[in-house]
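Below is one structure, written out as structure tokens; the observations come after it.
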Amino acid sequence: MVDLAVIMSVYKNDKLEFLRESVNSILDQYFFDFDFFIAIDGPVISEIEYYLDTLNDERVRILRIEKNGGLAGALNYLLGFVMKNPDYKFIARMDADDISMPSRLEKQRDFLNSNAEVAIVGCWYEEIDEYGKHKSFRRLPSKHEDLRKRYYTRSPFAHPSVMYRRELIENAGFYPTDTVLMEDNVLWGKALKAGLRFANIPEYLLRFRKDERFYYRRSGIKYGWNYIKLGSGLIDL
């Protein structure tokens, strides 16, 4: 019985080179007994269509969304399929330009199996640039109480690093679609409000690509104001 689903969204601005690295990093995991759901969110270049259509791996499921609706909408679309199957106990996130270390899924799944009180687990990560060169190492708190406090000012997780129990979606709901690049943090806030617990594995299990577009998307006044508003008002613990 397969109990793990990995979800990824691909859209028009994704690069084939990065996508190939990302997909391969999941398919080459030490733990291999999972299903890999990839949503094509609106039209993409023909090279990406061809690459995904010709992936020769029975674990891969390609789903198409006719019109691009953004990351939150695409993830919710995937979760709609995943949540229909009660065999999936765990759901792992992955982005189309990041790289998972080979032991990531194995270590996160083992952690959740050994720590029944934790609903969401992330990890430390290495930041890389658009050429795959090292930028920095990022160490996040590993304990729930430290992550709960961090939530008010910064994200407790690197979103593409997380694996969570299906109970997260059952108790906190799907990703919100009315925020500015804040869909993950709103979901973490709803999880805290529902009494769910967090953790990060203190190992570098993800290479997180941050190019110029990443910083541009997160540099505006609207984004900053949304973070302050969400951090101060979404939960009351």
Task: Test: residue in region 6-28 that is at pLDDT 95 or above, surrounded by 15 or more Cβ atoms within 10 Å (Cβ to Cβ), over 25 Å from PRO176 (Cβ atoms) and of a type in the set (Phe, Trp, Tyr) - done: yes
TODO: Please determine, by comparing only the residues of region 55-70 that are more than 18 Å from the chain's Cα centre (by Cα) and among the hydrophobic types (A, V, I, L, M, F, W, C), which one is nearest to LEU19 (Cα to Cα).
DONE: LEU55
Task: Residue that is surrounded by 21 or more Cβ atoms within 10 Å (Cβ to Cβ) and either touching a residue at least 24 places away in the same chain (Cβ under 8 Å) or of a type outside the set (Val, Ile, Thr) (or both), where the choices are LEU63, LEU105, LEU55 - done: LEU105
Open item on the list: Looking at region 14-46 only, could you name the residues that are within 22 Å of LYS210 (Cβ to Cβ) and of a type in the set (D, E, K, R)?
Closed with: ASP14, LYS15, GLU17, ARG20, GLU21, ASP41
- [ ] State the number of residues belonging to region 1-58 that are under 18 Å from VAL82 (Cβ atoms), assigned to a loop (DSSP other than H, G, I, E, B) and among the small types (Gly, Ala, Ser).
- [x] 0
Task: Where ALA116 falls short, out of the listed (1) hydrophobic (A, V, I, L, M, F, W, C); (2) without any contact (Cβ under 8 Å) to a residue 60 or more places away in the chain; (3) buried (at least 16 other Cβ atoms within 10 Å of the Cβ) - done: (3)
Open item on the list: Within region 70-102, take every residue that is assigned to a helix (DSSP H, G or I) and either free of Cβ contacts under 8 Å to residues at least 12 places away in the same chain or small (Gly, Ala, Ser) (or both) and give me the one that is surrounded by the most Cβ atoms within 10 Å (Cβ to Cβ).
Closed with: ALA74
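For region 195-218, check the following and say yes or no: at least one residue is closer than 28 Å to ASN85 by Cα, among the charged types (D, E, K, R) and at pLDDT 95 or above.
The answer is yes; a qualifying residue exists.
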- [ ] Just give me the residues in region 170-190 being in a helix (DSSP H, G or I) and either of a type in the set (Lys, Arg) or under 22 Å from ASP98 (Cβ atoms) (or both), in sequence order.
- [x] GLU183, ASP184, ASN185, VAL186, LEU187, TRP188, LYS190
Open item on the list: Can you tell me which condition GLU145 does not meet? The list is (1) in a loop (DSSP other than H, G, I, E, B); (2) farther than 25 Å from LEU4 by Cα; (3) modelled with pLDDT of 95 or more, and all the others hold.
Closed with: (1)
Open item on the list: Can you tell me which residue is farthest from ASN24 (Cα to Cα) among those in region 105-141 that are part of a strand (DSSP E or B) and over 16 Å from the mean Cα position of the chain (by Cα)?
Closed with: VAL118
Open item on the list: Consider region 119-151. How many of its residues are buried (at least 16 other Cβ atoms within 10 Å of the Cβ) and either over 16 Å from GLU203 (Cβ atoms) or among the hydrophobic types (A, V, I, L, M, F, W, C) (or both)?
Closed with: 12
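The values are calculated or read from the model by the stated rules, or taken from the named source; none is laboratory data. Owing to the predicted nature of the structure, the values given are computational and were not obtained by experimental measurement. Every residue, glycine as well, gets a Cβ built from its backbone with ideal geometry; the counts of neighbours run over all protein chains shown.
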